[in-house]
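The values are calculated or read from the model by the stated rules, or taken from the named source; none is laboratory data. Just so it is clear, the model here is predicted, and its values are computed rather than measured. Cβ sites come from the backbone with ideal geometry, for glycine too, and all protein chains shown count toward neighbours.
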Amino acid sequence: MPIEEQNAYNHGNTLEERRRRTNIRKKTNHAIRAGRLEKQPCVICGAMEVDAHHEVYDNPLNVVWLCEKHHREIHKKEINVKMDVRKKGLDYERKLVNELKVLFNNEEIGTSRNLSRIKDSLKCDILNVPMFNIQAKATEHTPPYHGLLKEMPQNTNYNVIFHKRNNKGEVAVMSKDSFYEIIQMLISNGII
């Protein structure tokens, strides 16, 4: 962020608060240089040239990656990153629901936000899909797939994470064991 915008942003904060924020920013930059924090694309547009934005100055590693344009808009209060990112995730879940309703010919499929808060807390974003527990991610950074799959319900359904990146397409991620089990089922039923 340009120095004049940093000065305007700090205006009105106490000297102690300005020092605390400066200290957190220095620690963030050190973590980047040391490889403990990796820059990710802008969470709004996917640009690779990014700044670390601190929503709350509590932890140097607690950042949101924003391009210069969106970082400036956040500080000018023209946009709200939390709302934009949340909307992006909700839109992706709705898109998947519509596709899965057609694929499975099942109108019962819906988002856990609409159908069951309990399932939402169990890391299932899309419900009533036969054989599958589905989590949807619309993020520019790579989610921690292994951890997310372990957090999902460990029942007879297959756990799948759908991940979408701007201009990069979509992937479906599942454990290798689940993939092999599906292949075995297809072979034993003479489908392949």
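Test L37 against the criterion of being under 25 Å from E170 (Cβ atoms) and among the aliphatic types (A, V, I, L, M), and give yes or no. Quick ask: steps written out before the conclusion?
On the way: under 25 Å from E170 (Cβ atoms): no; among the aliphatic types (A, V, I, L, M): yes.
So L37 fails the test.
Scanning the range 170-192 for residues that are surrounded by 10 or more Cβ atoms within 10 Å (Cβ to Cβ), of a type in the set (V, I, T) and over 28 Å from the mean Cα position of the chain (by Cα) yields I183, I187.
Checked against (1) in a loop (DSSP other than H, G, I, E, B); (2) among the hydrophobic types (A, V, I, L, M, F, W, C); (3) modelled with pLDDT of 80 or more; (4) exposed (fewer than 15 other Cβ atoms within 10 Å of the Cβ), C124 passes all but a single condition, namely (4).
Suppose the filter is touching a Leu at 6+ places or on another chain (Cβ under 8 Å), outside the structural domain of L66 (by TED's automatic domain parsing) and in contact (Cβ under 8 Å) with a residue 12 or more places away in the chain; does A136 pass it? Judged against the criteria, A136 is a match.
Taking each residue of the range 155-169 that is outside the structural domain of K137 (by TED's automatic domain parsing) and farther than 30 Å from A47 by Cβ and looking for partners that are of a type in the set (A, V, I, L, M, F, W, C) and modelled with pLDDT under 90 with beta-carbon atoms closer than 8 Å, six or more apart or interchain, yields nothing.
So which residues in the range 127-159 are in a strand (DSSP E or B) and among the aromatic types (F, W, Y)?
Taking the range 127-159 and keeping what is in a strand (DSSP E or B), we get 127, 132-138, 158-159.
Across the range 127-159, the qualifying residues are F132, Y158.
Does at least one position in the range 173-190 carry a residue that is without any contact (Cβ under 8 Å) to a residue 24 or more places away in the chain and touching a Phe, Trp or Tyr at 6+ places or on another chain (Cβ under 6 Å)? Within the range 173-190, one or more residues are without any contact (Cβ under 8 Å) to a residue 24 or more places away in the chain and touching a Phe, Trp or Tyr at 6+ places or on another chain (Cβ under 6 Å). Which ones in the range 9-58 are touching a residue at least 24 places away in the same chain (Cβ under 8 Å), polar (S, T, N, Q) and part of a loop (DSSP other than H, G, I, E, B)? The one that is touching a residue at least 24 places away in the same chain (Cβ under 8 Å), polar (S, T, N, Q) and part of a loop (DSSP other than H, G, I, E, B): Q40.
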